[in-house]
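Below is one structure; the comments refer to it alone.
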Amino acid sequence: MTESDLLRALSKALLIVADQMQVPTPTPAKEHEPKYMRVRDFARSRGYSESTIRSWVRVGMPHVPSGRGSRILVAGADEWISAGGARLAIERRAVAETRKAS
């Protein structure tokens, strides 16, 4: 089995896992919510773990760098989650890695 075959199999497995995950529906941004939130605060308010939000930031969730961390752009992040941003980012990354390996 070649490296590209392994990458394809891994990306397929990731997609299966992502489909089977029960991801809570994000709570829409409220009028009184700030435009930006810390990762910790955003994660708690939406019912996700901090590590999940940080990994989503790495794959494209709307954010702004802030010191050593990031601030989440609330409205953009909610839209990104609703549109399946994490799944799409995983698919794009798997395709890019497959192309690199070829």
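The values are calculated or read from the model by the stated rules, or taken from the named source; none is laboratory data. From a predicted model like this one, the values you see are computed outputs, not experimental measurements. Here the Cβ positions follow ideal geometry from the backbone for every residue, glycine too, while neighbour counts run over all protein chains shown.
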Considering the range 47-86, residues that are exposed (fewer than 15 other Cβ atoms within 10 Å of the Cβ) and touching a residue at least 40 places away in the same chain (Cβ under 8 Å), and then whichever is nearest to Leu7 (Cα to Cα), we arrive at Ser82
Of the residues in the range 32-46, those that are among the basic types (Lys, Arg) and buried (at least 16 other Cβ atoms within 10 Å of the Cβ) come to Arg38, Arg46
Reported set for the range 8-28 where residues are modelled with pLDDT of 80 or more and part of a loop (DSSP other than H, G, I, E, B) is none
Requiring at least 1 residues that are more than 25 Å from Val17 (Cα to Cα), within 10 Å of the chain's Cα centre (by Cα) and not aromatic (Phe, Trp, Tyr), the helices (runs of 4 or more DSSP H) wholly within the range 29-94 are none
